[in-house]
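The values are calculated or read from the model by the stated rules, or taken from the named source; none is laboratory data. Computed from a prediction, not measured in an experiment: that's the story for all the values here. As a convention, Cβ positions derive from the backbone with ideal geometry for all residues, glycine included, and neighbour counts pool all protein chains shown.
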Amino acid sequence: MITCLGDLLFPEVGVAMVKLLRRLGVTLDFPEGQTCCGMPLFNSGYHHDAALVAARTVRLFERSEHVIVPSGSCAWMVKTEYPGLLEDDPALRAPAEALARKTYELSQFLVDVLGVTTVDSPFKGRVTYHDSCHLLRGLGESQNPRKLLRAVKGCELVELPGSDECCGFGGSFSVRLPEVSTAVLDKKLGNVESTGADCLVACDAGCLMQMGGGLSRRGSRVRALHLAQVLEPEAGA
Amino acid sequence: MTTRADFLGGIRREMAKTRGLFEARTAARPSDAGEAFEVVKRQMAERWPQALTRFQEEFERIAGVFHRVRRLDGVPGVIRRIADEREARRILSWHPGALGLDLRESLGRQGLSVTLAPDDDPDAEARRLHRDEAARAEIGVTGVDWALAETGTLVLVSGRGRPRSTSLLPATHVAVFDRGRLLESLEQVGAMLEALHADPSRSMSGAVINFITGPSRTADIELTLTRGVHGPKEVHAIFVEAP
Amino acid sequence: MSDAPLKTPFPQRAHAALGDAHLQEALTIATTKFIGLRKESFAGFPAGEALRDRARAIKEATLQKLDAHLERLADNVERLGGHVHWAATGDEARDIILRLCRDKGVRMAVKSKSMATEEIELNEALEAAGVKPVETDLGEYIIQLAHEKPSHIIAPAIHKTKGQVADLFSKELGGRFEADPEVLTAVARKELRQKFLEADMGITGANFAVAETGTIVLVTNEGNGRMVTSLPRIHVAVMGMEKVIPTMTDLMVFLSILARSATGQKLSSYTTLVRGPRQPGEVEGPEELHLILMDNGRTRQIAGTLREALYCLRCGACLNVCPVYRQIGGHAYGYTYPGPIGILLTAMLKGTHAVKDLAHASSLCGACKDVCPVRIDIPRMLVELREHVDRERIAPLGERMVFGLARRAMASPGLFRLGARLGRLAQRPFVRNGRLTSLPLFFGQWTRTRDLPPVAARTFSERWKDLDRP
């Protein structure tokens, strides 16, 4: 599942993910016609609309064995909210639950399904890792991305102070209350810069858009990268 | 004006609309409060030494000052020292019937002013007098109903001869207890409270039970901890070894 | 804060808070400290997680038999010689207290900290009736002097630096006091000691009320809660009806996690169990005890969306970790209860309309739910409130149009692809060095402070065919 932000704004992350997974022996397909998981609608309270989008997504992935998502929040949406959204639909209730079970955020797929904890990568640099809210609290994941980063030989992982604090994105929050969103972001980026890292890594497109956007605006030399781009750096832009 | 029936009627109407969010139970209570009480007593008869060690640790952790004497007659000496160190002269004490010790006899003769809480039925005048004394006292001496090791807490039940303000108004509170008072966990306190309220003969003499965990404190200004806001600035606990 | 819509819209209030340097400094100090204290406390407390589950279950189970527990509580309080009053609304609760003051000749009342009394704006009503209310909790005392409202559920004056408190005391009390918390606390102790001894009435809230025994439970640190319930001749406790719990055994579960969640203490300095007015033989204690059980919008939630919010212990932990609260503080929320739980409580007390902006004052990060001692799923209820706002068509037309468009694009891949192509075209004049730095209209809300990656020259879907080769 490429996700809307992944498709439109960060295709290089998708490409890196594909190359990485193939390198690890996974056969991939890409159901055509993907749009969005519907989370923006859901979070703003448009639940009826979100259910329609969920229904579409469930059908699209009906024949997939595992669905891998380079974004913690989208994986969370599918795994925790889809079953509830479609529980009153007799045709889609079971497929929604099935999709929830077979959907994985990338780092969780690598470690928990493929059993991979060491990925060879020519990546060199000092990185710091941000725990995206939905991956951390929604899916309970904080260890796997760190494990994978530490296992990259040229990669030095420095803990980010306040790594579990929100980056301020929150979807529409970032534009409904842009000042507050930016104040939260500034705090996050202050922490990032205090680590001396050259790279900020996260597993969520929303967070990367927010943090990358802030870093770029302040002319920081710190690059915001998705985990896949550290594990497969030569995927090509 | 809303009556009880109106108020509860409204609640019942709403309750009827839902079964609730999930199946849930309240805490499991001892089926026989009296027996649970006895069980705790038996447990503590054996475990009091460990409880005492733990109590001291926790009490000191929250800035309590711990003392130890061999016998009850050693208590006045400790209080004397505390008073001298603070240049305090006025002492307020629970009635000897509640404390197990008459401080007026021991300390009154050493130049300290000791007021004992009354244990008869006070009239308005007696109340006023006691209140004035309590407001002026520098050290308040009480007994302890339970000393909770888990948190370093002193539990005091109010009542005849054991006023609430003795452990509240004076700047220094001194509490005297022995091994029979020690409890280990909040859970045990719960069992004791269940028994206390279940059996009218094991009565509470007063309307208030205070759990006192260290001196009075606040962090309302910039979260900086300061002690002795309205209640005592210091709490002392004197453990009497003799049973 | 009456029922009239607040004059300044929320985004403006937030803006003012963000620009207040003192506030920002105070918030950072306070919330960071609170977070550390709570974390440390639970780290050394492995039994804590199971106790939180139990506490949550007790709250839910109590709601399932709420009427019986309230009845039992009332019977017991009355049996002990106390009086129970039933207040359907905040107005009624206020009127009951005013009537008591009138009938009993009360001229001065000392108050222990009570959010329930803040909720019903009691102080203003007392003053108007010629009764002097004196706040005795240090934080409440500070804000009373400053004519402000509390900005945090348990630390009302946390928005003030010590310098500001010193200035306030110097101005209001006469004198020159250093900006030293010890000095300032001593000033308050001295000022308030006499008030405790002279007051006619003591007013408190109630953290819990044990139905089985008729006990009102107060969790405090300063000692003012004890003073206020022992020295004046009348004690009035104002309690939200959802605070009732069945037994003493249940109480222990809550006590084991409440102070830890609020301040990182194992137990607060004083946990006071009050059972009726003074007993015969007691030389101290009130002659009369009045317990006011208050509804004020709570009953409506028993079968409502916000039922879970009735579990709240008012510990404030959710405020401390909320990225929004940490940036704007309590006053910007505009109502009695701030922070994540505050948004839900405001909806409960004032209706959905009151939170049409506040429901969005959250990034849904979930930190609140993580630290809530009774595991209230605040984010879920915020999203449901947003749904109500949408359903009741409270959201502005422009917003609903944007989301309508988004929904259509999500439902149709053709439209989605078209959107991408149009985006690529429209963004051309705005791309600088491979980024979008300044966009017009609505998108400017983002680009004012952050860059945006442009729509890719080729989306992933468009690149797939190149990738889909062995």
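Which pairs have Cβ atoms under 7 Å, sit 6 or more apart or on different chains, and link a residue in segment A:34-46 that is under 14 Å from A:Leu60 (Cα atoms) to one that is of a type in the set (Val, Ile, Thr) and part of a loop (DSSP other than H, G, I, E, B)?
Pairs found: A:Gln34/A:Ile2; A:Cys37/A:Thr3.
Of everything in segment C:288-339 that's touching a strand residue (DSSP E or B) at 6+ places or on another chain (Cβ under 7 Å) and more than 10 Å from chain B (Cβ to nearest Cβ), which residue is surrounded by the fewest Cβ atoms within 10 Å (Cβ to Cβ)?
Within segment C:288-339, the match that is surrounded by the fewest Cβ atoms within 10 Å (Cβ to Cβ) is C:Glu288.
With the requirement that a residue be surrounded by fewer than 18 Cβ atoms within 10 Å (Cβ to Cβ) and not in a helix (DSSP H, G or I), what does segment A:31-66 give you?
A:Pro31, A:Glu32, A:Gly33, A:Glu62, A:Arg63, A:Ser64, A:Glu65, A:His66
Output the residues belonging to segment A:67-102 that are free of Cβ contacts under 8 Å to residues at least 40 places away in the same chain, away from every other protein chain (no Cβ under 14 Å), of a type in the set (Gly, Ala, Ser) and part of a helix (DSSP H, G or I).
Result: A:Ala94, A:Ala98, A:Ala100.
Scan segment C:375-383 and tell me whether some residue there is at the interface with another protein chain (Cβ under 7 Å from one of its Cβ atoms), farther than 19 Å from C:Tyr325 by Cα and in contact with a Ser or Thr (Cβ under 9 Å, 6 or more places away or on another chain).
Looking only at segment C:375-383, we keep the residues that are at the interface with another protein chain (Cβ under 7 Å from one of its Cβ atoms), and these are C:383.
Remaining after also requiring farther than 19 Å from C:Tyr325 by Cα: none.
For segment C:375-383, residues at the interface with another protein chain (Cβ under 7 Å from one of its Cβ atoms), farther than 19 Å from C:Tyr325 by Cα and in contact with a Ser or Thr (Cβ under 9 Å, 6 or more places away or on another chain): absent.
For segment C:288-311, give me each residue that is under 19 Å from C:Thr215 (Cα atoms) and among the hydrophobic types (A, V, I, L, M, F, W, C).
If the condition is that a residue be under 19 Å from C:Thr215 (Cα atoms) and among the hydrophobic types (A, V, I, L, M, F, W, C), then C:Leu289, C:Leu291, C:Ile292, C:Leu293, C:Met294 are the ones that fit.
Checking A:Arg137 against (1) touching a Ser or Thr at 6+ places or on another chain (Cβ under 7 Å); (2) in a helix (DSSP H, G or I); (3) in the same structural domain as A:Leu185 (by TED's automatic domain parsing); (4) not hydroxyl-bearing (Ser, Thr, Tyr), which test does it fail?
Going through the list (1) touching a Ser or Thr at 6+ places or on another chain (Cβ under 7 Å); (2) in a helix (DSSP H, G or I); (3) in the same structural domain as A:Leu185 (by TED's automatic domain parsing); (4) not hydroxyl-bearing (Ser, Thr, Tyr), A:Arg137 breaks only (1).
Check C:Arg260, C:Arg226 and return the single one that is within 24 Å of the chain's Cα centre (by Cα), touching a residue at least 12 places away in the same chain (Cβ under 8 Å) and at the interface with chain B (Cβ under 7 Å from one of its Cβ atoms). Even if it seems obvious, please write down each step before you answer.
Working: C:Arg260 fails: at the interface with chain B (Cβ under 7 Å from one of its Cβ atoms).
Just a single option satisfies the conditions, and that option is C:Arg226.
Looking at (1) within 18 Å of C:Ile376 (Cβ to Cβ); (2) over 23 Å from the mean Cα position of the chain (by Cα), find the lone condition where C:Arg54 falls short.
Just one mismatch for C:Arg54, condition (2).
Test of understanding: among C:Leu126, C:Leu168, which residue is in contact (Cβ under 8 Å) with a residue 12 or more places away in the chain, within 13 Å of another protein chain (Cβ to nearest Cβ) and part of a helix (DSSP H, G or I)?
Numbers: C:Leu126 fails: within 13 Å of another protein chain (Cβ to nearest Cβ).
Of the residues listed, the single one that is in contact (Cβ under 8 Å) with a residue 12 or more places away in the chain, within 13 Å of another protein chain (Cβ to nearest Cβ) and part of a helix (DSSP H, G or I) is C:Leu168.
Are there any helices (runs of 4 or more DSSP H) wholly within segment B:1-110 with 3 or more residues that are touching a Leu at 6+ places or on another chain (Cβ under 8 Å), and if so which? Before you say what the answer is, go through the steps one by one.
Working: elements: B:4-15, B:33-61, B:75-85, B:96-99, B:103-106.
Filter on segment B:1-110 gives B:4-15, B:33-61, B:75-85.
Can you find even one residue in segment A:104-118 that is free of Cβ contacts under 8 Å to residues at least 24 places away in the same chain, within 13 Å of chain C (Cβ to nearest Cβ), out of contact with any Phe, Trp or Tyr (no Cβ under 6 Å at 6 or more places or on another chain) and not aliphatic (A, V, I, L, M)?
Looking for residues that are free of Cβ contacts under 8 Å to residues at least 24 places away in the same chain, within 13 Å of chain C (Cβ to nearest Cβ), out of contact with any Phe, Trp or Tyr (no Cβ under 6 Å at 6 or more places or on another chain) and not aliphatic (A, V, I, L, M), one finds none in segment A:104-118, hence no.
Can you confirm whether segment C:327-350 contains a residue that is among the basic types (Lys, Arg), part of a helix (DSSP H, G or I) and more than 19 Å from C:Thr89 (Cβ to Cβ)?
Within segment C:327-350, the first condition is being among the basic types (Lys, Arg), and the residues that meet it are C:350.
Among the residues that remain, those that are also part of a helix (DSSP H, G or I) are: C:350.
Narrowing further to those that are more than 19 Å from C:Thr89 (Cβ to Cβ): none.
No: segment C:327-350 contains no residue that is among the basic types (Lys, Arg), part of a helix (DSSP H, G or I) and more than 19 Å from C:Thr89 (Cβ to Cβ).
Checking C:Val165 against (1) farther than 18 Å from B:Val229 by Cα; (2) crowded, with 24+ Cβ neighbours inside 10 Å; (3) outside the structural domain of C:His290 (by TED's automatic domain parsing), only one condition comes out false. Which one?
Here C:Val165 clears every test but (1).
Which one is modelled with the lowest pLDDT, of the residues in segment C:6-28 that are away from chain A (no Cβ under 14 Å) and surrounded by 12 or more Cβ atoms within 10 Å (Cβ to Cβ)? Steps first, please.
Filtering segment C:6-28 for residues away from chain A (no Cβ under 14 Å) gives C:6-8, C:22, C:26.
Now narrow it down to the ones that are surrounded by 12 or more Cβ atoms within 10 Å (Cβ to Cβ): C:6, C:8, C:22, C:26.
Working: C:Leu6: 73, C:Thr8: 91, C:His22: 91, C:Ala26: 92.
My answer is C:Leu6.
This table checks each residue for (1) touching a His at 6+ places or on another chain (Cβ under 9 Å); (2) outside the structural domain of C:Tyr141 (by TED's automatic domain parsing); (3) closer than 26 Å to B:Ala219 by Cα; (4) not in a strand (DSSP E or B).
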| site | (1), (2), (3), (4) |
| --- | --- |
| C:Glu212 | yes, no, no, yes |
| C:Leu218 | no, no, yes, no |
| C:Arg226 | yes, no, yes, yes |
| C:Leu231 | no, no, yes, yes |
| C:Asp250 | no, no, no, yes |
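Does segment C:59-74 include one or more residues that are surrounded by 14 or more Cβ atoms within 10 Å (Cβ to Cβ), more than 10 Å from chain B (Cβ to nearest Cβ) and either of a type in the set (Val, Ile, Thr) or in a helix (DSSP H, G or I) (or both)?
Looking through segment C:59-74, at least one residue is surrounded by 14 or more Cβ atoms within 10 Å (Cβ to Cβ), more than 10 Å from chain B (Cβ to nearest Cβ) and either of a type in the set (Val, Ile, Thr) or in a helix (DSSP H, G or I) (or both).
Could you check how many residues of segment C:75-86 are assigned to a strand (DSSP E or B) and more than 28 Å from C:Glu198 (Cα to Cα)?
Restricting attention to segment C:75-86, the residues satisfying the condition of being assigned to a strand (DSSP E or B) are C:83-86.
In the following step, the residues that additionally are more than 28 Å from C:Glu198 (Cα to Cα) were identified as C:86.
The number of residues fulfilling the criteria is 1.
Which residues, taken from segment C:87-110, are at the interface with another protein chain (Cβ under 9 Å from one of its Cβ atoms) and either closer than 28 Å to C:Glu198 by Cα or surrounded by fewer than 24 Cβ atoms within 10 Å (Cβ to Cβ) (or both)? Before the answer, list the steps.
Here is the first cut: in segment C:87-110, the ones at the interface with another protein chain (Cβ under 9 Å from one of its Cβ atoms) are C:87-89, C:92, C:95-96.
Scanning segment C:87-110 gives C:Ala88, C:Thr89, C:Glu92, C:Asp95, C:Ile96.
Only one residue in A:Ala183, A:Ala151, A:Ala197 is at the interface with chain C (Cβ under 8 Å from one of its Cβ atoms) and modelled with pLDDT of 95 or more. Which one? Break it down stepwise before answering.
Values: A:Ala151 fails: at the interface with chain C (Cβ under 8 Å from one of its Cβ atoms); A:Ala197 fails: at the interface with chain C (Cβ under 8 Å from one of its Cβ atoms).
Checking each option against the conditions leaves just A:Ala183.
So, in segment B:141-190, of the ones that are assigned to a helix (DSSP H, G or I) and in contact with a strand residue (DSSP E or B) (Cβ under 9 Å, 6 or more places away or on another chain), which residue ends up surrounded by the fewest Cβ atoms within 10 Å (Cβ to Cβ)?
Of segment B:141-190, the ones assigned to a helix (DSSP H, G or I) are B:165-167, B:179-181, B:186-190.
Those still in the list that are in contact with a strand residue (DSSP E or B) (Cβ under 9 Å, 6 or more places away or on another chain) too: B:165-167, B:179, B:181, B:186, B:188-189.
On the way: B:Ser165: 26, B:Thr166: 32, B:Ser167: 28, B:Arg179: 17, B:Arg181: 23, B:Leu186: 20, B:Gln188: 24, B:Val189: 25.
Here the residue is B:Arg179.
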